[in-house]
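The values are calculated or read from the model by the stated rules, or taken from the named source; none is laboratory data. Everything numeric in this text was worked out from a predicted model, so none of it was measured. Quick reminder, even Gly has a Cβ in these numbers, built from the backbone with ideal geometry, and neighbours come from all protein chains shown.
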Amino acid sequence: MFFGAVVWDPWLIIAQIVSLQCLYYLTLGVLLSVLIGTRLSRMSLVYFFDFATVTASTVTGWCVIASFVLSAVAGAGYMLYLIERAKKCLDFSATLFIIHLLICITYGGWPASMTWWVVNGTGLAVMALLGEYLCIRRELKEIPITQYHRPSGSYLETGVNDDDVV
(Lines give C-alpha, C1' and ligand atoms only; values in the text may rest on other atoms or scores of the structure.)
Protein backbone atom coordinates (compact mmCIF):
# COMPACT_ATOMS: atom_id res chain seq x y z
CA MET A 1 0.00 0.00 0.00
CA PHE A 2 2.58 2.57 1.11
CA PHE A 3 5.62 0.84 -0.38
CA GLY A 4 7.20 3.06 -2.96
CA ALA A 5 10.57 3.88 -4.39
CA VAL A 6 13.75 3.01 -2.55
CA VAL A 7 14.23 6.69 -1.73
CA TRP A 8 14.17 7.46 1.99
CA ASP A 9 10.87 9.22 2.61
CA PRO A 10 10.34 10.37 6.22
CA TRP A 11 6.70 11.35 5.59
CA LEU A 12 5.95 7.86 4.33
CA ILE A 13 7.58 6.33 7.42
CA ILE A 14 5.64 8.65 9.74
CA ALA A 15 2.39 7.83 7.91
CA GLN A 16 3.11 4.10 8.27
CA ILE A 17 3.87 4.44 12.00
CA VAL A 18 0.74 6.51 12.66
CA SER A 19 -1.43 4.15 10.60
CA LEU A 20 -0.07 1.05 12.33
CA GLN A 21 -0.44 2.62 15.78
CA CYS A 22 -4.03 3.69 15.09
CA LEU A 23 -5.02 0.29 13.71
CA TYR A 24 -3.38 -1.44 16.69
CA TYR A 25 -5.30 0.67 19.22
CA LEU A 26 -8.53 0.37 17.23
CA THR A 27 -8.19 -3.43 17.29
CA LEU A 28 -7.25 -3.38 20.96
CA GLY A 29 -10.32 -1.27 21.74
CA VAL A 30 -12.64 -3.60 19.86
CA LEU A 31 -11.15 -6.67 21.55
CA LEU A 32 -11.29 -5.06 25.00
CA SER A 33 -14.92 -4.11 24.38
CA VAL A 34 -15.79 -7.65 23.32
CA LEU A 35 -13.81 -9.48 26.01
CA ILE A 36 -14.25 -7.25 29.06
CA GLY A 37 -16.97 -4.81 28.03
CA THR A 38 -19.66 -7.24 29.10
CA ARG A 39 -18.02 -7.71 32.49
CA LEU A 40 -17.79 -4.02 33.35
CA SER A 41 -20.29 -1.24 33.71
CA ARG A 42 -17.94 1.30 32.09
CA MET A 43 -14.90 1.03 29.82
CA SER A 44 -11.96 3.31 30.42
CA LEU A 45 -8.49 4.09 29.09
CA VAL A 46 -7.14 2.38 32.20
CA TYR A 47 -7.40 -0.95 30.36
CA PHE A 48 -5.28 0.40 27.53
CA PHE A 49 -2.51 2.18 29.39
CA ASP A 50 -2.39 1.25 33.09
CA PHE A 51 -0.01 -1.60 33.87
CA ALA A 52 -2.08 -2.67 36.89
CA THR A 53 -4.90 -4.00 34.69
CA VAL A 54 -2.56 -6.49 32.99
CA THR A 55 -2.65 -9.19 35.64
CA ALA A 56 -2.95 -12.96 35.70
CA SER A 57 -4.78 -13.00 39.03
CA THR A 58 -8.28 -12.15 37.74
CA VAL A 59 -10.49 -13.20 34.85
CA THR A 60 -10.66 -9.60 33.67
CA GLY A 61 -6.87 -9.45 33.72
CA TRP A 62 -6.67 -12.57 31.55
CA CYS A 63 -9.12 -10.96 29.12
CA VAL A 64 -6.88 -7.87 28.96
CA ILE A 65 -3.86 -10.10 28.30
CA ALA A 66 -5.72 -11.93 25.54
CA SER A 67 -6.72 -8.60 24.00
CA PHE A 68 -3.10 -7.43 23.87
CA VAL A 69 -1.83 -10.67 22.34
CA LEU A 70 -4.62 -10.85 19.77
CA SER A 71 -4.00 -7.20 18.87
CA ALA A 72 -0.36 -8.09 18.21
CA VAL A 73 -1.49 -10.88 15.87
CA ALA A 74 -3.75 -8.42 14.05
CA GLY A 75 -0.86 -5.93 13.94
CA ALA A 76 1.20 -8.50 12.05
CA GLY A 77 -1.58 -8.69 9.49
CA TYR A 78 -1.68 -4.91 9.23
CA MET A 79 2.06 -4.85 8.58
CA LEU A 80 1.56 -7.18 5.65
CA TYR A 81 -0.41 -4.42 3.91
CA LEU A 82 1.12 -1.25 5.39
CA ILE A 83 4.82 -2.10 5.58
CA GLU A 84 5.07 -4.88 2.97
CA ARG A 85 8.76 -5.58 3.64
CA ALA A 86 9.95 -8.36 5.95
CA LYS A 87 13.14 -6.57 6.91
CA LYS A 88 11.16 -3.60 8.28
CA CYS A 89 8.75 -5.59 10.48
CA LEU A 90 10.97 -5.63 13.57
CA ASP A 91 11.59 -1.88 13.30
CA PHE A 92 7.91 -1.00 13.05
CA SER A 93 6.91 -3.48 15.78
CA ALA A 94 9.52 -2.10 18.16
CA THR A 95 8.47 1.46 17.34
CA LEU A 96 4.83 0.63 18.08
CA PHE A 97 5.63 -0.90 21.47
CA ILE A 98 8.10 1.87 22.42
CA ILE A 99 5.40 4.46 21.70
CA HIS A 100 2.97 2.35 23.74
CA LEU A 101 5.50 2.26 26.61
CA LEU A 102 5.88 6.05 26.50
CA ILE A 103 2.10 6.53 26.56
CA CYS A 104 1.83 4.09 29.49
CA ILE A 105 4.56 5.93 31.41
CA THR A 106 2.76 9.23 30.81
CA TYR A 107 -0.61 7.78 31.81
CA GLY A 108 0.19 5.63 34.83
CA GLY A 109 3.89 5.81 35.59
CA TRP A 110 6.66 3.28 35.02
CA PRO A 111 5.19 -0.23 34.56
CA ALA A 112 6.14 -2.06 37.75
CA SER A 113 4.31 -5.27 36.91
CA MET A 114 6.37 -8.13 35.53
CA THR A 115 3.22 -9.42 33.82
CA TRP A 116 2.95 -6.18 31.83
CA TRP A 117 6.52 -6.57 30.58
CA VAL A 118 6.02 -10.23 29.66
CA VAL A 119 2.76 -9.51 27.81
CA ASN A 120 4.20 -6.58 25.87
CA GLY A 121 7.45 -8.43 25.12
CA THR A 122 5.43 -11.36 23.86
CA GLY A 123 3.28 -9.00 21.79
CA LEU A 124 6.41 -7.44 20.27
CA ALA A 125 7.84 -10.86 19.41
CA VAL A 126 4.55 -12.15 17.97
CA MET A 127 3.98 -9.04 15.87
CA ALA A 128 7.54 -8.91 14.53
CA LEU A 129 7.96 -12.63 13.82
CA LEU A 130 4.49 -13.22 12.40
CA GLY A 131 4.71 -10.01 10.36
CA GLU A 132 8.08 -11.11 8.93
CA TYR A 133 6.71 -14.57 8.16
CA LEU A 134 3.69 -13.17 6.34
CA CYS A 135 5.76 -10.64 4.40
CA ILE A 136 8.35 -13.25 3.42
CA ARG A 137 5.59 -15.54 2.16
CA ARG A 138 4.26 -12.70 0.02
CA GLU A 139 7.73 -11.75 -1.23
CA LEU A 140 8.49 -15.36 -2.24
CA LYS A 141 5.29 -15.87 -4.19
CA GLU A 142 5.80 -16.56 -7.85
CA ILE A 143 4.92 -13.74 -10.17
CA PRO A 144 2.34 -15.04 -12.64
CA ILE A 145 3.28 -14.44 -16.24
CA THR A 146 0.23 -14.15 -18.45
CA GLN A 147 0.19 -14.68 -22.19
CA TYR A 148 2.21 -12.05 -23.99
CA HIS A 149 -0.10 -9.30 -25.22
CA ARG A 150 1.04 -6.88 -27.88
CA PRO A 151 -0.33 -3.34 -27.53
CA SER A 152 -2.43 -2.26 -30.50
CA GLY A 153 -0.66 -0.24 -33.14
CA SER A 154 2.73 -1.81 -32.42
CA TYR A 155 5.12 -2.85 -35.13
CA LEU A 156 5.63 -6.46 -35.95
CA GLU A 157 9.13 -7.82 -36.32
CA THR A 158 8.89 -6.99 -40.03
CA GLY A 159 8.32 -3.33 -39.26
CA VAL A 160 4.76 -3.28 -40.64
CA ASN A 161 2.07 -1.56 -38.58
CA ASP A 162 -0.98 -3.69 -37.65
CA ASP A 163 -3.29 -1.12 -39.21
CA ASP A 164 -1.49 -1.38 -42.57
CA VAL A 165 -2.16 -5.11 -42.93
CA VAL A 166 -5.08 -5.80 -45.29
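Worth a mention:
- Pairs linking a residue in segment 7-28 that is more than 16 Å from SER67 (Cβ to Cβ) to a residue that is outside any helix (DSSP H, G or I), with Cβ atoms under 8 Å and 6 or more positions apart or on different chains, are LEU12/PHE2; LEU12/GLY4; ALA15/PHE2; GLN16/PHE2; GLN16/ILE83; SER19/PHE2; LEU20/ILE83.
- One residue stands out in segment 121-166 among those that are aromatic (Phe, Trp, Tyr) and surrounded by 10 or more Cβ atoms within 10 Å (Cβ to Cβ): the one that is modelled with the lowest pLDDT, namely TYR155.
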